[in-house]
Each structure stands twice: as C-alpha cells, then as structure tokens.
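Step one of this worksheet: look at the structure below.
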Amino acid sequence: MEKAGYIQRNGCRAFDSDGILHEVIEVHIQGLRYAIRVAGLAGAITGRVFVQIEELTHKWNYYLGSTCGLAQVSVSGRALNINLFNDGSFTVSLGALRTIMYGKDKYAFIMKIPDQSVQLSKMKRLSQDQVQISAMV
C-alpha cells in the first residue's frame, strides 16, 4: 500500500445545503479535499454503518457539497475503509482516527488500497497449454 493523503481535525465547521452548521474532519486524498461529519463518523465507528464523504469548498466559509464516496469500519474492526466513487479505495487506521477525534493527534495518513483486479492478474500465470477466455457480464 502507498500513502495517498491524510486526515485531520482542525475544528473546521461547514454549512450543508440547508444552511446547518456541522463540525467536520478534513480528508485530503490525492490533492483533493473532502469532509466527514464528526457526528456521522462517531456513529460509523461505534456501529457498522456507512458515513458519507462529501466535497468541501472554502468561500469565506466552509461548505459541504455533493457526496463523493462512503466510508465504513472494516470487518476486522481495525481500520476505516473509504470508497470514493471515481477514485478507488483507501484506508486509515481506526486507532489513529480515534486519537484525532479526541484531540491527541492532529493528523493520520491515508493509504491507498491496491486494485484487486491488477493484483489477481499479476498472481495468475498461465501455462503453455492454457488459454485465457474473457467474458462479458
């Protein structure tokens, strides 16, 4: 896995489309800035629910935009997996995320989860007698 960005809590508050102010955690992935609502993130950490990853823009104030992805705690319970709709999958350690939420650390690194299809194609080797057949689904 390779480093793709970082997540930080700096006391940022952002307005949603209804004009309601929310405390958010900034997510910086591959040069783009996103936000996770703190209340939603707390719910995602305690249970197996999804939290929205939203665009974050700054024009005099911070504003939340459209939903760009979803995040959920991993099956093992040790990481928060982030799935951006067009940009792939990422992960951040849940221990590091908790220290950010409770103010002990300022940021944690986000790692890119390698694409599974690329890994599988590298692992599979065909012998001389085998033929690879592709199928449309």
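The values are calculated or read from the model by the stated rules, or taken from the named source; none is laboratory data. Just so it is clear, the model here is predicted, and its values are computed rather than measured. Neighbour counts are summed over all protein chains in view; Cβ atoms, including those assigned to glycine, are modelled from backbone coordinates with ideal geometry.
Could you run through region 18-37 and say how many residues are charged (D, E, K, R) and either within 17 Å of L80 (Cβ to Cβ) or touching a Phe, Trp or Tyr at 6+ places or on another chain (Cβ under 8 Å) (or both)?
Residues meeting the conditions: 2.
Give the residues of region 15-38 that are of a type in the set (D, E) and touching a residue at least 12 places away in the same chain (Cβ under 8 Å), sorted by residue number.
Those that are of a type in the set (D, E) and touching a residue at least 12 places away in the same chain (Cβ under 8 Å): D16, E23, E26.
Name the strands (runs of 3 or more DSSP E) wholly inside region 1-114 in which the number of residues that are out of contact with any strand residue (DSSP E or B) (no Cβ under 7 Å at 6 or more places or on another chain) is 2 or more.
In region 1-114, 51-59 are the strands (runs of 3 or more DSSP E) which contain 2 or more residues that are out of contact with any strand residue (DSSP E or B) (no Cβ under 7 Å at 6 or more places or on another chain).
Out of curiosity, is K124 of a type outside the set (S, T, Y), over 20 Å from the mean Cα position of the chain (by Cα) and modelled with pLDDT of 85 or more?
For K124, the condition - of a type outside the set (S, T, Y), over 20 Å from the mean Cα position of the chain (by Cα) and modelled with pLDDT of 85 or more - is not met.
Step by step: first the residues of region 30-47, then only those that are of a type in the set (A, V, I, L, M), closer than 17 Å to R13 by Cα and in contact with an Asp or Glu (Cβ under 9 Å, 6 or more places away or on another chain), then the one that is surrounded by the fewest Cβ atoms within 10 Å (Cβ to Cβ). Which residue is that?
A39
Each row is one residue, and each column tells you yes or no for (1) over 10 Å from the mean Cα position of the chain (by Cα); (2) surrounded by 15 or more Cβ atoms within 10 Å (Cβ to Cβ).
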site	(1), (2)
R9	yes, yes
C12	yes, yes
S17	yes, no
V49	yes, no
L70	no, yes
S76	yes, no
L97	yes, yes
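Does at least one position in region 56-75 carry a residue that is in contact (Cβ under 8 Å) with a residue 12 or more places away in the chain and charged (D, E, K, R)?
No, every residue in region 56-75 fails to be in contact (Cβ under 8 Å) with a residue 12 or more places away in the chain and charged (D, E, K, R).
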